[in-house]
Amino acid sequence: MSRSPRLVSSGRLVVLLGALSAFGPLSMDMYLPGLPSMARDLSAPAWAAQLTITTSMLGLAGGQLVAGPISDALGRRRPLLTGVAAYMAASLLCAVAPTIWLLLIFRLVQGLAGAAGIVIARAIVRDLHEGIEAARFFALLMLVGGLAPILAPLVGGQLLHVTDWRGIFVVLAGIGAVLLIATWVMLGETLAHENRHGGGLVSTLRVFRGLVRDGLFMGYTLSAGLTFAAMATYISGSPFVLQDIHGVSPQLFSVIFASNAIGIMGASQVSRALVGRYGPRTLLIAGVRVAAAGGLGVLVSVVADLGLAGLLPSLFVMVSSVGVVLPNSAALALADHPRTAGSASALLGLTQFATGALAAPLAGVGGSHTALPMAIVMATLPVAGLACLRFLARPSASRPLPLDARETA
């Protein structure tokens, strides 16, 4: 069932929500080409520079846990505007950070603020769509939001010709300003007053407890989170692996990174075309299997020393799978929770970014001259995601799958 969005056409809604959903890749990807130079400028080791990705992810995770329930109680519009405004301010603070330690704090705040755009955008989709239509809409968001990981590193690489990493954060602040104005002008409220619920901290914790005990929800959520964490490991480790180990320039790195992001966009549209025929569950299982195959390919390439010829195709396969995994996992996880879509979206996002934050620094534990830690993590996490699908996300007599998705793992 679909309901018409308020105050904004469907096409503009896709573009706006896709852009708001892109706060994660915007925050993490645009400054990636400048990550090694930032480490040198602030006299920081590689692991400390990679922690700027971790703190951003932690903020993106924790912020969703706050913004989601607040949007269930107050509606979507006001918390969203507040979060985007705070993101703009935090980006400016990152631009003037004098030390790596202050930058880590400002990155945490930036992530906390940007989380509102991600979690509330998903909740708005659930306000307006459900079932296969929701899966298709999420795939459209990935098509729009997929431009961010394509353009962000390319823009970041080109900006390094005219400015340094600090200038990149100024650009991020400008993007936040544009999205703030667009949200204010274009986006109306999508959560009716009668569908809102409050109850404070106790009620929120009760909702989260129920979600955690829901095997289907947690199976879909964990499989997506572990696959996302494998991609986060790639995001964290690839600047050093490709530039320091394989001698790739910042500009060529941006092109490689963008190519993998194009893979995400392409996979999301394949998913959108096939979801009506096969259902979101079948596509989710297939996506996680492809991610596991790509991760194992990365490990084999590194151990066998196959160079870029072996590494780049495996990275492409693993990263592209996210375009299938994320939209279908979101549609499945939120399907049974229309009245608490904000909270369910928050827990879904928390799992993705928290596991990503924990996995990302592991890529650098061996220093900037070995790719083995990154490869091991990228191979292990999607396999664990498959286990979550098999042992947690299983239907039962009292909880059958929707008619459009009665496939078994």
If contacts are Cα pairs under 8 angstrom and at least 6 residues apart, what is the relative contact order of the range 1-153 in percent? 43
Leaving ligands and nucleic acids out of the surface, order Glu133, Glu194, Glu189 by accessible area at 1.4 Å, largest first. Glu194, Glu133, Glu189
Probe 1.4 Å - accessible area at Asp244, Å² to nearest ten: 70
Contact order normalised by residue count of the chain, Cα under 8 Å, 6+ apart, percent: 27
In the range 160-223, with Lys and Arg counted as +1 and Asp and Glu as -1 at Cβ, which of these residues, Gly210, Met186, Tyr220, has the Cα nearest the positive end of the dipole, that is, farthest along it? Gly210
For the chain, calculated [θ]222 nm from helices alone, where every DSSP H run of n ≥ 4 adds -39500 (n - 2.57): -26000 deg cm²/dmol
Taking only protein heavy atoms into account and a 1.4 Å probe, give the accessible area per residue of the chain in Å². 37
Equivalent ellipsoid semi-axes for the chain, as square roots of 5 times the alpha carbon gyration tensor eigenvalues: give them largest first, rounded to whole Å. 31, 26, 18
Please report the orientation-averaged projected area of the range 201-277, defined via the convex hull of its C-alpha atoms, in nm². 8.2
Which value, in debye to the nearest 20, gives the size of the charge dipole of the range 1-106 about its Cα centre, when Lys and Arg are +1 and Asp and Glu are -1 at the Cβ? 520
Of the accessible area of the range 91-245, computed with a 1.4 Å probe and all protein chains kept, carbon and sulfur make up a percent value of 72
Using unit Cβ charges (K, R positive; D, E negative) and no other charged atoms, how large, in debye to the nearest 20, is the dipole of the chain about its Cα centre? 940
Scattering profile of the range 1-99 at q = 0.23 Å⁻¹ [log10 I(q)/I(0), Debye over alpha-carbon scatterers]: -1.34
In debye, nearest 20: dipole of the range 181-305 around its Cα centre with unit charges on the Cβ of K, R (+) and D, E (-)? 500
Divide the volume of the convex hull of the Cα atoms of the range 171-218 by its number of residues and quote the answer in cubic angstrom per residue. 163
Heavy-atom accessible surface of the range 271-327: percent carbon and sulfur, 1.4 Å: 68
Peptides ranked, highest mean first, by Cβ atoms within 10 Å: ranges 292-301, 64-73: 64-73, 292-301
Backbone HN-Hα couplings from phi across the range 258-275 [Karplus 6.51/-1.76/1.60, Hz, Gly and Pro as x]: 5, 4, 5, 5, 4, x, 4, 4, x, 5, 5, 6, 4, 4, 4, 6, 9, 5
Taking a quarter of the surface of the convex hull around the Cα atoms of the range 25-164, what do you get in nm²? 8.7
Using a 10 angstrom cutoff on alpha carbons, build the Gaussian network for the chain and name the most mobile of Gly263, Gly323, Gly342. Gly263
Say the dipole of the chain comes from +1 at the beta carbon of Lys and Arg and -1 at that of Asp and Glu; which of Val319, Gly111, Leu283 then lies farthest toward its positive end? Leu283
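The values are calculated or read from the model by the stated rules, or taken from the named source; none is laboratory data. All of these numbers come straight from a predicted model, not from anything done at the bench. Virtual Cβ from ideal backbone geometry, glycine too; neighbours counted across all protein chains shown. Heavy atoms of the whole protein, side chains included, go into the accessibility calculation; ligands, DNA and RNA do not. Shrake-Rupley method; radii C 1.70, N 1.55, O 1.52, S 1.80 Å.
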